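The values are calculated or read from the model by the stated rules, or taken from the named source; none is laboratory data. Quick caveat: nothing in here was measured; it's all calculated off a predicted structure. Quick reminder, even Gly has a Cβ in these numbers, built from the backbone with ideal geometry, and neighbours come from all protein chains shown.
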Ligand code: SF4
Ligand code: SF4
Ligand code: FES
């Protein structure tokens, strides 16, 4: 019993890490392709099978990149704080991988993958550490370590641009953790569980994904995950145009690669969480229905279908991330903070309150209106979304008078009255 | 205090001095363009660039009466009630016309002209000239003529005659003349009488355009790349105030800096062209330790000279019986301190090329180690006779910048000046075991027999610019910074103390004597010459006037000399005796 | 210019309407533009198999050349104006008296660090005698940094190589009947 369990866990971990690493590498390629296409270019299309002239649309590029990173001169500037300088990329990379321990990448596999004699009677859950009751909290706890990687990297580099990047992102990551949490709280409150598997199976059972029931929460969570992943339009930690490379300016070689991979992993994590929490996880109407929500009686066909559905959703999210990058300019720092504190947090709170009220009185309200409860909840959700959006638009908290302070600049005695 | 009116504004100008309208306007912040007038030369009023409207205000009635014609400002004394108008349409038109006339015959070869960038013709043309050329002229290249010490670009000349007046009035040699008449006028020299005197370089500074050019600066650099720093010429005891013009730590030219108390507007050719030793590749550029072996015979080691200077390779290399080791500055101050302390009877030779601060630090440090240390003034280089020029400019025979300063530091510490000869005798007698020689001479200052005297000395520390017979015998050979590379003060023959900042960085491996001594005497932080001078001023009566800082034109220390009368001796008399 | 200068006209930011403030419309607009380009025809030229077509070689800013005068000598008069104008500080000139009787000053050595150059063309603008010009050669490469520091010989040879395809500015002005900048 112990052997197959260990084997099972090890297999899943191996699969995850191999999958994630490959995925991260190929997402870099995808990112570059999309960047190129959006700019009417072709993108990397040369590197194919090594040592041959076969090009394969440039699919060999990630391998070449990886090899390059490994063999590049690893330069450690003389002025850095050595210990922290080495620690920072490792911590951010480790944290980014660790998160995946509780993230399901499918539903379950039927038990007959092992010989019957081994006596494994239960379906195999497609998550590295199944049955963790505080999965959500774990994700949060481990995910927050990323802030250390960034801040420590910026500090240890002993370079003003790195330091600015580190500080900025410290403030940014901490600020956006609040709306992120508020977005999740709505879901947790509605489903009554912190286990990601449970959250999926509930959505699968009802057939109503959380994004339909809590659109405002979905919005808050999605925006906050962009900020947490440090993706445009919230990429202030790096902001090449202003900070050279932000907190990883002084890094090179394999350490730089750890940072870059960790960044991609954050994006993948964010996509997984969005797909799981709000887009129904592996569920798709009519496709994945057989086999029960917990996958107890799952068949091979359904099991594979569920994996495909989940990964397709994740993929779609990632594509969205990448396209967004080329659609918006970066926010100014004050705008970033304004959006976080003056828009996202109120929205998150509004959504949370609405969900709380619904959980308490929802059935009665729906009953009195004579509508199916889920439909009713969805309608309420959209009404709140529109209301919230309207209020935010009216209040316009990001508006700033950013004309230069003329009075301050002028050393002149004859300052004319400045009419605004 | 006369009151004058310039461009409708009233100004008070200082009374008691005769100012012309250009000077008066300058005090009021109004610039009147001019070519031919120069404060140091007689007025000819020939260029007509300074034409302005002039009038006078009747003191009683307050009525202003203007003269009908424009008047050259250079030839008009500003007195009470003088009215000057520089911004009228009439003046502007005249200036534009003068400019146009000058440019009619001027080769517009600014791209290859060394004056471009600091040329009055260019500047005034931008400020006052017409914006369009009315005559159809093609730019051409100027004729060039060798007239002696400087080059003459004949066609660039605007005939302000400053150079001619200079040669007549200041240098008194009258080599230059205006030849020809009308549009054929040119500057020239009489055949076989080229421009050749010790002040001839000044005509290049006087020339408002690029007609006269330094031969050593010709085509070397564009002037806008040069940065100028205040400096003092160390060529002779006059101590002219100069500008050191440098680009990327390389001096390209020296120019006189106006100082009414020292050199007015001039400097001699010797000083002007006397900086190349700073960039000589013969300079000592590493601190070196020599191990003296038994039976050492330095004259056989002459070829090792190269090893002392810049082109030696790093690392230990025994050369014959003499092994030398290139040292690192980091531990050197401590090591020197140790060896000085362990050798009982100390002595030092201070060259008159040392700055006041360096001399003070050295004496203070050695006297701190051995309170009877014998401190002597090094040999004073004297070449020929003082050279006097008609208007008072003098090139001194004493070819060092700071005899008075070093002398007074020494007198303070030793009571009376120990003549160099006496010092040598003591060395010979073996009374001195450790000698510090603070050199800094520009050329050979010690001969083989004298240097031999020092062979008996156990510890010989030599600081110098160039290898000499003495440096071969040194236990420690230390490079020093040249005059442009240090912060420091010099006292000239007339007891005027001037302080200047560092102009360029010394070559790699060279450290200024001041900063080494600063560290050796246990002071914290970076070398601060001003602090040292302040300290010296508080301690030594002679320098006390410098306690509150030194103005740009320097400070006269003579008054203190009178106060401390009787204490100070003049070594030149002792040495002659 | 002072912030109080009378000549400065302060313009107010255009106010966003409701649609703009709500961000939604702009969001859709931006995304639509991105998506349109995502699928549009690509403009990449597949160098080196295909060659980039330079529309007007005269105004193109590629590798420099040093022009020759009518007698085949370097036209540059070593005025340092290009070196002064160069924002990348990549031009290094050593001037000297010229060996020719009809010219005063010439560049004894003239080097451009092509790796440091940002191909802004300011040197070409600055030159009073049209001696330095940027050609349309763009694909220069070398095996070492030293190789990419072009000396006078190399720069002159680029002139020899390109002079037929790209006439110098002086020649072009002559052709137009205008007076060229003279030396
Ligand atoms: S193109 Fe610009 S950067 Fe290059 S050499 Fe000319 S001035 Fe310098
Ligand atoms: S600007 Fe022209 S003439 Fe002047 S140095 Fe440069 S290339 Fe030579
Ligand atoms: S300066 Fe007065 S006429 Fe020349």
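Taken together, the criteria exclude residue B:63 from residues that are within 13 Å of residue B:84 (Cα to Cα) and surrounded by fewer than 21 Cβ atoms within 10 Å (Cβ to Cβ). Among the residues of segment B:474-495, those identified as surrounded by 21 or more Cβ atoms within 10 Å (Cβ to Cβ) and in contact with a strand residue (DSSP E or B) (Cβ under 6 Å, 6 or more places away or on another chain) are B:474, B:477, B:478, B:479, B:480, B:484, B:489, B:490, B:491.
Residues are listed down the side, and each one gets a yes or a no for (1) in the same structural domain as residue A:149 (by TED's automatic domain parsing); (2) in contact (Cβ under 8 Å) with a residue 40 or more places away in the chain; (3) buried (at least 17 other Cβ atoms within 10 Å of the Cβ):
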| site | (1), (2), (3) |
| --- | --- |
| A:21 | no, yes, no |
| A:27 | no, yes, yes |
| A:44 | no, no, yes |
| A:47 | no, no, yes |
| A:57 | no, no, no |
| A:60 | no, no, yes |
| A:64 | no, no, no |
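For the structure I just gave you, tell me whether residue A:27 is part of a helix (DSSP H, G or I) and farther than 22 Å from residue A:266 by Cα. Give the steps one after another, and end with the answer.
On the way: part of a helix (DSSP H, G or I): yes; farther than 22 Å from residue A:266 by Cα: no.
No.
Somewhere in segment C:95-114, is a residue within 21 Å of residue C:61 (Cβ to Cβ), away from chain B (no Cβ under 14 Å) and either out of contact with any strand residue (DSSP E or B) (no Cβ under 8 Å at 6 or more places or on another chain) or more than 12 Å from ligand 1 (Cβ to nearest atom) (or both)? No, segment C:95-114 has no match at all.
Among the residues of segment C:61-76, just one is in contact with a helix residue (DSSP H, G or I) (Cβ under 8 Å, 6 or more places away or on another chain), in a loop (DSSP other than H, G, I, E, B) and within 9 Å of ligand 2 (Cβ to nearest atom), namely C:67.
Being more than 8 Å from chain A (Cβ to nearest Cβ), over 21 Å from residue A:232 (Cβ atoms) and surrounded by 10 or more Cβ atoms within 10 Å (Cβ to Cβ) is the filter here; which residues of segment C:28-51 pass it?
At the first step, the residues of segment C:28-51 found to be more than 8 Å from chain A (Cβ to nearest Cβ) are C:28-29, C:32, C:36, C:45, C:47-51.
Next, only the ones that are over 21 Å from residue A:232 (Cβ atoms) stay: C:45, C:47-51.
Across segment C:28-51, the qualifying residues are C:45, C:47, C:51.
Scanning segment B:397-421 for residues that are surrounded by fewer than 20 Cβ atoms within 10 Å (Cβ to Cβ) and under 19 Å from the mean Cα position of the chain (by Cα) yields B:397, B:398. Of everything listed in (1) closer than 16 Å to residue C:130 by Cα; (2) at the interface with chain B (Cβ under 10 Å from one of its Cβ atoms), the single unmet condition for residue C:86 is (2). Hey, can you tell me all the residues within segment A:1-60 that are at positive phi and either within 14 Å of another protein chain (Cβ to nearest Cβ) or under 24 Å from the mean Cα position of the chain (by Cα) (or both)? The answer is A:40, A:43, A:57, A:58.
Find the residue count for segment C:115-142, including only residues that are within 11 Å of ligand 1 (Cβ to nearest atom) and within 12 Å of the chain's Cα centre (by Cα). Spell out the reasoning first.
Going residue by residue through segment C:115-142, those that are within 11 Å of ligand 1 (Cβ to nearest atom) are C:115-127, C:132-134.
Restricting the remaining residues to those that are within 12 Å of the chain's Cα centre (by Cα) gives C:117-126, C:132-134.
Within segment C:115-142, residues that are within 11 Å of ligand 1 (Cβ to nearest atom) and within 12 Å of the chain's Cα centre (by Cα) number 13.
Scanning segment B:100-110 turns up one or more residues that are within 16 Å of ligand 3 (Cβ to nearest atom) and in contact (Cβ under 8 Å) with a residue 40 or more places away in the chain.
Taken as a whole, the structure leaves residue B:159 outside the set of residues that are in a strand (DSSP E or B) and away from ligand 1 (no atom under 16 Å from the Cβ).
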